[in-house]
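No value in this document is a laboratory result; all are computed from the given coordinates. Keep in mind the model is a prediction, meaning the values are calculated, not measured. Cβ placement follows ideal geometry from the backbone for every residue including glycine, while neighbour counts extend to all protein chains displayed.
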Amino acid sequence: MKNKYLIVIALLAVLASCKKDEPEVTKYYVGDEAKSWLVDDCKKEYFMRDENGIEQGVYVLEPAVEYTKDTTLGVLRERIAQYSYPDIGDGFGVYITAGKSNKPNVDESFAIIFNRCYFSFDGNGFRPIASEPRREIEYTAELLDAFEVNGVTYPNVLHIQQVESKALSNRGPIEIYYAKHYGMIQYTIAYGITYFRLPAE
């Protein structure tokens, strides 16, 4: 009987030592500053109108949260995605990931996908610092303190614009304005059609 107890104790000791050998996982969670770029919960639907007077509703879904584990770097990252769907045309999404894959010390990486074009930004303090070319089309990006659309001034607006020297893309926007808390407030697609956010009633 005594030998059985000794065997059990020995097995527990082996298991305990195995757990100590496992690499510790560093966990990265999306911060409040980055989350503020998601559309607020109270704004589930808003409306935009183009220059021809055609109006469209934009439906915003609840943010979806997922976690990915990178065993190579020993990190667990939180990712938040929020999708919006206009009545007309392709939808768009916002993706925020805590800890960039090849630079785990970066606070957040941020991306907007709109009309199948992908715009990516990263950096400490969640400042957009560069745009990613797509299909050999270059874009510039800047963070505006404020931008006015239809008499409403929106603070903290991300402005992305296609470089003028490049040919128009067959698909996707050539210019967008995305406001913190509010989502898309203005965008222009190929051939110069611009949509403007309408004030909330």
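Among the listed pairs Lys27/Lys100; Lys69/Lys180; Lys44/Lys180, those whose Cα-Cα separation exceeds 19 Å are Lys69/Lys180. For segment 187-197, putting each phi into the Karplus relation 6.51 cos²θ - 1.76 cosθ + 1.60 with θ = phi - 60° gives couplings of 7, 10, 9, 4, 6, x, 7, 10, 10, 10, 5 Hz, in residue order, rounded to whole numbers and with x for Gly and Pro. Note on Val65 and Tyr191: with the Förster distance fixed at 41 Å, the Cβ-Cβ geometry gives a FRET efficiency of about 0.65. For Trp37, the shell of other residues with beta-carbons less than 10 Å away shows a net charge of 0, using +1 for Lys and Arg and -1 for Asp and Glu. Residues whose amide H falls under 5 Å from that of Tyr139, counting only those 5 or more places apart or on a different chain, are Val163, with hydrogens built in the peptide plane. Here the extension length gained between Asn156 and Glu45 equals 37.9 nm, from 0.36 nm per residue of separation less the Cα-Cα distance.
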